[in-house]
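The values are calculated or read from the model by the stated rules, or taken from the named source; none is laboratory data. Predicted, not measured: the structure shown is a model, and the values here were computed from it. Here the Cβ is made from the backbone with ideal geometry for all residues, glycine too, and neighbour counts use every protein chain on show. SASA here: full protein model, heavy atoms, side chains in, ligands and nucleic acids out. Shrake-Rupley method; radii C 1.70, N 1.55, O 1.52, S 1.80 Å.
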Amino acid sequence: MGKVLIKNARAVNEGRQFETDVLIENGRIVRIDANISDANANIVDFNGNLLLPGVIDDQVHFREPGLTHKGTIYTESRAAVAGGITTFMEQPNTIPQTTTIEEHESKFAIASKSSFANYSFKFGGTNDNLEEIKRLDKNSCSGIKLFLGSSTGNMLVDNEAVLENIFRNTELVISTHCEDEGTIRANLAHYKEKYGDDIPVELHPVIRSVEACYLSSSKAIALAKKTGARLHVFHLSTAKEMDLFTNKIPLKEKKITAEVCIHHLWFSDEDYRDKGTLIKWNPAVKSATDRTALWEALLDDRIDVIATDHAPHTLEEKDNVYTKAPSGGPLVQHALVAMLQKHKEGRLSLEELVRKMCHNPAILFDIEKRGYIREGYFADLVEVDMDFDWEVKKPNILYKCGWSPFEGTTFGTRIKRTFVNGHLAYGNGVLSDESKAMRLTFER
């Protein structure tokens, strides 16, 4: 790759904003300075626009293999790049499930040919694959994923002895989906008796309740403390759970960390009336009070990471009665602009946004030379125009499923350019046909 010289950028990085130029060569940042000249470089003038590190999304479901009618690594990674996400970690509940080393490596093989963003794949734990987990190279992937409540793909781990053995037998970050299965089943049975399959979707956060979340996450945290395991709790959704996490120590020293997703920061149970099953997620979108508590925990560092849990389904699948409509929705194209909108509303600073979406995922998963604007780091970079109004409509949606829970929303910022390993992967509404994406490497 040739040289690229970014001029007149307003960088947001490591807690500060500053005017700078950035020189890129062979996919990496080689110089950051106020005024760089290079006659051999291709100049890209930012004209004062924001320069951010590429977003690292620690939780996506790109549906390949086995569910490719909903999305593929190719389609969803391109949507991610258009949204300023340059790196993703995909989850194991595909068909077949990513629960053997052979299936794990087969996903990397697919991504090496089709992904437009940098990639890694979580390895799924089950009730009977402990020996595979023990064989896993700690540098082969971003971590282990455990479903402590059933969701799409039904990879529920409910054998407590197995669960403790997994916690004791890996150095990798264990990421968990925490909802108590017994509580959910009892609640669902109660409302099915009353409504049959056509349960009002407004009851989703009652069925997948605050108590279901708290019981499971508190149990996982107790087990992590007992075993010394490194635990990361995915997609928190309740105020009650916030007391389980600390902000008393730096992220690098935390053994137990927390994530919140875009939809739990944006929507509340008041939105079910208009959005219906389009905002049916597991865990459920809950009350405005819960949402406020999530924001408070995010801003005071009890929550460490913002992610998407991007999980596309077709509109035909979503347009079903409650018990048959799957949970999940597409988010990678709109996650960064959604959080930038919250910045414009005064909810969080640009520095905090970058820390929770770029820096912290890199720290938490020990990712090598990504997540920052630093000399020697891979040039995963995003240009943001902070003064550009546009509405989310079907013609500008890039997900294979063709819809977004943000349809009809007007955002006041846009992703103008995205560089992946120094390559202009997206610019001015046009996706490159060439990919320079790479498999993630780790410093462990």
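Highest mean first, what order results for 405-412, 227-234 on Cβ atoms within 10 Å?
Values: 405-412: 16.6, 227-234: 21.2.
Peptide ranking by packing, descending: 227-234, 405-412.
Give me the accessible area per residue for the chain, probe 1.4 Å, as a whole number in Å².
Counting only protein heavy atoms, the per-residue value for the chain is 37 Å².
Using the Cα atoms of the stretch 119-253 to build a convex hull, what is its mean projected area in square nanometres? Numbers along the way, then the final one.
Values: hull surface 38.5 nm².
Orientation-averaged projected area of the Cα hull: 9.6 nm².
Two-decimal Rg/Rh of the stretch 391-438 from alpha-carbon positions, Kirkwood Rh?
Values: Rg = 12.6 Å, Rh = 12.3 Å.
Across the stretch 391-438, the Cα-based Rg/Rh ratio is 1.03.
Less than 12 Å Cβ to Cβ from Asp38, Lys/Arg counted +1 and Asp/Glu -1: what total charge do the surrounding residues give? Mind dumping the intermediate values first?
Values: positive: Lys3, Lys7, Arg31; negative: Asp21, Glu25, Asp33.
Around Asp38, the surrounding residues sum to 0.
So for the stretch 2-71, averaging the separation of alpha carbon pairs under 8 Å that are six or more residues apart and normalising by length, what relative contact order in percent results?
Rounded, it is 35 percent for the stretch 2-71.
As a test question: what accessible area, to the nearest 10 Å², does Tyr119 have when a 1.4 Å probe is rolled over all protein chains in place?
20 Å²
Distance between the C-alpha centers of the stretch 330-403 and the stretch 65-131? Whole Å please.
Cα centroid to Cα centroid, the span is 20 Å.
Once the convex hull of the C-alpha atoms of the stretch 168-211 is built, how many Å³ does it hold per residue, rounded to a whole number?
On the way: hull volume 4.6 nm³, N = 44.
Hull volume normalised by residue count: 105 Å³.
If you take the beta carbon distance between Asp128 and Ser37 as r and set R0 to 56 Å, what does 1/(1 + (r/R0)^6) give as a FRET efficiency, to the nearest 0.05?
Values: r = 61 Å, r/R0 = 1.09.
The pair Asp128/Ser37 has a calculated efficiency of 0.35.
Would you give the gap between the C-alpha center of the stretch 199-243 and the C-alpha center of the stretch 155-181, rounded to a whole Å?
One Cα centre to the other: 14 Å.
How many percent of the accessible area of the chain is carbon or sulfur, using a 1.4 Å probe? Before the final figure, lay out the partial values.
Details: 7420 of 16340 Å².
The C+S portion of the solvent-accessible surface of the chain is 45 percent.
Mean separation of Cα pairs under 8 Å and 6+ residues apart, divided by the residue count of the chain: what relative contact order is that in percent?
On the way: 1048 pairs, mean separation 94.7, N = 444.
In percent, rounded to a whole number, it is 21.
Relative contact order of the stretch 132-275, please, whole-number percent, based on alpha carbon pairs below 8 angstrom and at least 6 residues apart.
Values: 180 pairs, mean separation 33.2, N = 144.
Contact order relative to length: 23 percent.
Considering the chain as a Gaussian network with a 10 Å cut-off on Cα pairs, which listed residue, Asp309, Asp300, Asp433, attains the greatest mean-square fluctuation?
Highest fluctuation among the options: Asp433.
Please determine, in degrees from 0 to 90 and to the nearest 10, the orientation of helix 288-299 with respect to the longest principal axis defined by the Cα atoms of the chain, where the helix direction is its Cα long axis.
The angle comes out at about 50 degrees.
Can you give me the long-range amide H partners of Ile43? Hydrogens built in the peptide plane at 1.01 Å from N, cutoff under 5 Å, separation of 5 or more residues or another chain.
Here Leu5 satisfy the definition.
Ordering Ser216, Ser349 by how much accessible area each has at a 1.4 Å probe, largest first, what is the list?
Working: Ser216 10, Ser349 45 Å².
Order by accessible area, largest first: Ser349, Ser216.
Could you give the distance between the Cα centres of the stretch 414-439 and the stretch 16-38, to the whole Å?
Rounded to whole Å, the Cα centres lie 18 Å apart.
Mind pulling the angle between the C-alpha long axis of helix 335-344 and the longest principal axis of the chain? Nearest 10 degrees, somewhere in 0 to 90.
Its long axis makes an angle of about 80 degrees.
Rounded to whole Å and sorted largest first, list the principal axis extents of the Cα atoms in the stretch 310-444.
51, 36, 33
If I model the stretch 1-137 as equal point scatterers sitting on the Cα atoms and use the Debye formula, what is log10 I(q)/I(0) at q = 0.10, 0.12, 0.17, 0.18 Å⁻¹?
-0.48, -0.63, -0.92, -0.97
Could you work out how much longer the chain between Lys275 and Asn165 gets when fully extended? Use 0.36 nm per residue separation minus the Cα distance between them, nm to one decimal.
On the way: separation 110, 0.36 × 110 = 39.60 nm, distance 4.12 nm.
Going from the current span to full extension adds 35.5 nm.
Report the extension gain between Asp433 and Thr323 in nm, rounded to one decimal, defined as 0.36 nm multiplied by the number of residues separating them, less their alpha carbon distance.
On the way: separation 110, 0.36 × 110 = 39.60 nm, distance 3.99 nm.
My answer for the length gained is 35.6 nm.
Measure nothing fancy, just the Cα-based angle from helix 210-227's long axis to the longest principal axis of the chain, in degrees from 0 to 90, nearest 10.
In the chain, helix 210-227 runs at an angle near 70 degrees to the longest axis.
At what distance in nm do the modelled label points of Asp137 and Asp243 sit from each other, each positioned 7 Å from its Cα along Cα→Cβ?
For Asp137 paired with Asp243, the spin-label model returns 4.5 nm.
Starting at 0 and stepping by 5 Å, how many percent of the alpha carbon pairs of the stretch 250-357 end up in each bin?
2, 11, 21, 23, 18, 12, 7, 4, 1, 0
If you average over every viewing direction, what projected area does the convex hull of the Cα atoms of the stretch 172-325 give, in nm²?
Working: hull surface 37.1 nm².
One quarter of the hull surface, i.e. the mean projection, equals 9.3 nm².
Give a quick list of GluC sites (Glu not before Pro) in the stretch 268-347 that DSSP marks as loop, anything other than H, G, I, E or B, with at most 15 other Cβ atoms within 10 Å.
Numbers: sites: Glu270, Glu296, Glu316, Glu317, Glu345; in loops: Glu345.
Answer by residue number: Glu345.
Nothing charged except the Cβ atoms of Lys and Arg (+1) and of Asp and Glu (-1): what's the magnitude of the dipole of the chain about its Cα centre? Round to the nearest 20 debye. Don't jump to the answer; show the numbers that get you there.
Details: 55 positive and 64 negative charges, 89 e Å.
Charge dipole, the chain, about its Cα centre: 420 debye, nearest 20.
Spin-label point model (7 Å from Cα, Cβ direction): what's the Glu211 to Gln17 distance in nm?
Here the answer is 4.7 nm between the modelled labels.
In deg cm²/dmol and to the nearest 500, what is the mean residue ellipticity at 222 nm of the chain if only DSSP H runs of at least 4 residues count, each as -39500 (n - 2.57), divided by the residue total?
Working: 14 runs with 121 residues, N = 444.
Value at 222 nm, helices only: -7500 deg cm²/dmol.
Quick one: grab Rg to one decimal and Dmax as a whole number for the chain, Cα atoms only, in Å.
Cα only, the chain: 20.9, 73 Å (Rg, Dmax).
Quote to one decimal, in nm, the extra length available between Leu315 and Glu296 on full extension: 0.36 nm per residue of separation minus the C-alpha distance between them. Working shown, then result.
Working: separation 19, 0.36 × 19 = 6.84 nm, distance 3.35 nm.
Stretched fully, the Leu315-Glu296 segment lengthens by 3.5 nm.
Quick one: how many lysine pairs in the stretch 153-287 have C-alpha atoms under 12 angstrom apart, if they're 8 or more apart or on different chains? Mind dumping the intermediate values first?
Working: Lys225/Lys254; Lys225/Lys255; Lys226/Lys255; Lys240/Lys286.
The number of close lysine pairs in the stretch 153-287 is 4.
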